[in-house]
Amino acid sequence: MNKEKIRKIIKAITGSKKTVVLTGAGISTESGIPDFRSPGGIWSRFDPAVMSAEVLNRDPAYFYRKAVPMLEFFGEIADKKPNPAHFVLRDMEKDRLISSIITQNIDGLHTKAGSENVYEVHGSLREGYCMTCGKRVSFNLLADRVKNNEIPPTCESCGGILRPDVVLFGEELPACFNIAVTEVESSGLLLIVGSSLEIIPVGSLPDFAGRYIILNKGRTLYDNGAYATLDEKAGNSLKVIYNEIKNIEKRL
Ligand code: NAD
């Protein structure tokens, strides 16, 4: 790994009054969850034109008939475990090296790893809710109903239609996205981990950051404006950066 780049990144993190992290699907590939474009990833499993809020609202039964591969994919994600990259970020939060994590991931792995200040701006697979009365249900209950051919799955309280608590294609982001933008604006550093930054609006968060660093395998559209980039696996980069910071602290 490039030692000069690591030194530059460490200096930026330790010198920043407030560092916010943005993560994407790339941080979870080492947990066995494919990212957006890899074979077996979302695009190759179902059609984004159908898995949209517009289709769900217009024809819920059609949405759910087509949603079976998506729910299977979600079911596979739900069993996965955090990897070293998630645990390093948890430790960095405990040590006040970072103040919050904004994640595009729906896998809930930051929360499972023990991170506390997490903004899940694309929702999560823990729950679903009724589109009429808002009653919340576990995601598993919703998926089981669909598996048992209850299409569309309905709310026990009011008979309304249940939906997963994830942001579908063409849908507005939850209110926590506005908080996430404010977090980035008020930070001195945005640390981006495992995201191509191609999904808007989250992918445009670097525009709100004074300074940003990208830890990603492969190039992103924002590389040219980055303070530093590291083209390595997230687990490796974060472990090296964190261990080096701890070593420096020990020597002081
Ligand atoms: P993306 O697939 O567009 O980009 C992921 C990036 O991570 C790629 O550039 C890839 O080269 C890089 N990468 C892969 N493995 C890596 C590793 N081990 N270390 C470092 N980098 C690695 O992902 P995105 O930008 O997050 O956008 C995808 C969208 O799909 C998001 O909106 C997200 O909600 C959703 N999604 C989520 C999950 C999940 O919850 N785990 C999985 C797939 C897709």
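Observations, loosely collected:
- Enumeration of residues in the stretch 111-142 that are within 24 Å of Ala85 (Cβ to Cβ), polar (S, T, N, Q) and either out of contact with any strand residue (DSSP E or B) (no Cβ under 8 Å at 6 or more places or on another chain) or in contact (Cβ under 8 Å) with a residue 40 or more places away in the chain (or both): Ser124
- Criterion applied to Leu221, Leu191 was being away from the ligand (no atom under 11 Å from the Cβ) and farther than 20 Å from Pro34 by Cα, and the one residue passing it is Leu191.
- Options Ser157, Ser186: the member that is free of Cβ contacts under 8 Å to residues at least 60 places away in the same chain and open to solvent by 10 Å² or more (accessible area, probe 1.4 Å): Ser157
- Hey, Gly134 of a type in the set (Gly, Ala, Ser), assigned to a strand (DSSP E or B) and more than 13 Å from the ligand (Cβ to nearest atom) or not: no
- Every condition in (1) open to solvent by 30 Å² or more (accessible area, probe 1.4 Å); (2) out of contact with any helix residue (DSSP H, G or I) (no Cβ under 9 Å at 6 or more places or on another chain) is met by Gly123 except one, and the failing one is (1).
- Glu76 vs. criteria within 13 Å of the ligand (Cβ to nearest atom), part of a helix (DSSP H, G or I), open to solvent by 40 Å² or more (accessible area, probe 1.4 Å) and at pLDDT 90 or above: no
- Which numbered condition Thr111 fails, given (1) among the β-branched types (Val, Ile, Thr); (2) open to solvent by 30 Å² or more (accessible area, probe 1.4 Å); (3) away from the ligand (no atom under 16 Å from the Cβ); (4) part of a helix (DSSP H, G or I): (3)
- Of the numbered criteria (1) over 21 Å from Lys18 (Cβ atoms); (2) away from the ligand (no atom under 16 Å from the Cβ); (3) assigned to a loop (DSSP other than H, G, I, E, B), the one Arg65 fails is (3).
- A count restricted to the stretch 98-107 and to residues that are open to solvent by 10 Å² or more (accessible area, probe 1.4 Å) and either in contact with a Phe, Trp or Tyr (Cβ under 8 Å, 6 or more places away or on another chain) or within 13 Å of the ligand (Cβ to nearest atom) (or both) stands at 4.
- Candidate set: the stretch 56-73, residues that are of a type outside the set (Ser, Thr, Tyr) and open to solvent by less than 10 Å² (accessible area, probe 1.4 Å); chosen: the one farthest from Asp144 (Cα to Cα): Leu56
- Qualifying positions in the stretch 217-248 - open to solvent by less than 20 Å² (accessible area, probe 1.4 Å) and touching a residue at least 60 places away in the same chain (Cβ under 8 Å): Ala228, Leu230, Ala234, Gly235, Ser237, Leu238, Ile241, Ile245
- Cβ-Cβ contacts under 8 Å between residues 6 or more apart (or on different chains), taken from a first residue in the stretch 1-21 that is basic (Lys, Arg) to a second residue that is open to solvent by 70 Å² or more (accessible area, probe 1.4 Å), are listed as Lys8/Tyr227.
The values are calculated or read from the model by the stated rules, or taken from the named source; none is laboratory data. Every value quoted in this text rests on a predicted model; they were computed, and no experiment measured them. All Cβ positions, even for glycine, are placed from backbone atoms using ideal geometry, and neighbour counts span all protein chains on display. Side chains are part of the model used for accessible areas, which takes the heavy atoms of the whole protein and leaves out ligands, DNA and RNA. Shrake-Rupley method; radii C 1.70, N 1.55, O 1.52, S 1.80 Å.
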